[in-house]
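Novice: Okay, here's the structure, questions in a sec.
The values are calculated or read from the model by the stated rules, or taken from the named source; none is laboratory data. Note that the structure is a prediction, hence the values are computed from the model and not measured. With ideal geometry, Cβ positions are generated from the backbone for all residues, glycine too; neighbour counts draw on all protein chains shown. The protein model used for the area step is the full one, side chains on, heavy atoms only, and it has no ligands, DNA or RNA in it. Shrake-Rupley method; radii C 1.70, N 1.55, O 1.52, S 1.80 Å.
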Amino acid sequence: MNEEKSSSCCTAQNASQTGACPCTAKAKNDINTHFTLALVAIVFSCVGGFFSIAVALAALILSLRAQDLAKNDLLAEAKTVAAWSAAFSWLTILIAILPIIFIFLFGGAILAALGAILAAA
């Protein structure tokens, strides 16, 4: 009644079978593909005005490609593609947030310049 199931994860009791443990076999292919970050980048690009949606979609495609490479045991390529996915995701988030930051910091100056341009016309 107190026996462990054979499908359970490897423990210290059966350490001799660690090579056959499905947990360690799966853990070797677990890399961060930045899939969630790519989805957040897509949301930010949609909210931020659609001008960076192409970069966000590229990040999502690269993230999915990294997952595919990891499943095929091509870990070096998967890590490289995942790094590019993260770079494109952060670039998208930066592009989407930068105008909001500029308006928050320099909103008064922007409105004064627009008022001066309209007054001169």
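Novice: Looking only at residues that are under 30 Å from T36 (Cβ atoms) and open to solvent by less than 90 Å² (accessible area, probe 1.4 Å) in the range 93-121, which one is modelled with the lowest pLDDT?
Specialist: In this case the residue turns out to be P99.
Novice: Exactly one of (1) part of a helix (DSSP H, G or I); (2) of a type outside the set (S, T, N, Q); (3) open to solvent by less than 80 Å² (accessible area, probe 1.4 Å) is unmet by G49. Its number?
Specialist: Here G49 meets the rest and fails (1).
Novice: Which residues, taken from the range 62-77, are touching a residue at least 40 places away in the same chain (Cβ under 8 Å) and either open to solvent by 100 Å² or more (accessible area, probe 1.4 Å) or out of contact with any Asp or Glu (no Cβ under 8 Å at 6 or more places or on another chain) (or both)?
Specialist: First, the residues of the range 62-77 that are touching a residue at least 40 places away in the same chain (Cβ under 8 Å): 70-71, 73, 75.
Within the range 62-77, K71, D73, L75 meet the criteria.
Novice: Could you check how many residues of the range 40-54 are over 15 Å from L98 (Cα atoms) and touching a Phe, Trp or Tyr at 6+ places or on another chain (Cβ under 9 Å)?
Specialist: So the count comes out to 0.
Novice: Check E77 against each of (1) outside any helix (DSSP H, G or I); (2) among the acidic types (D, E); (3) at negative phi and name the one condition it does not meet.
Specialist: That leaves (1) as the condition not met.
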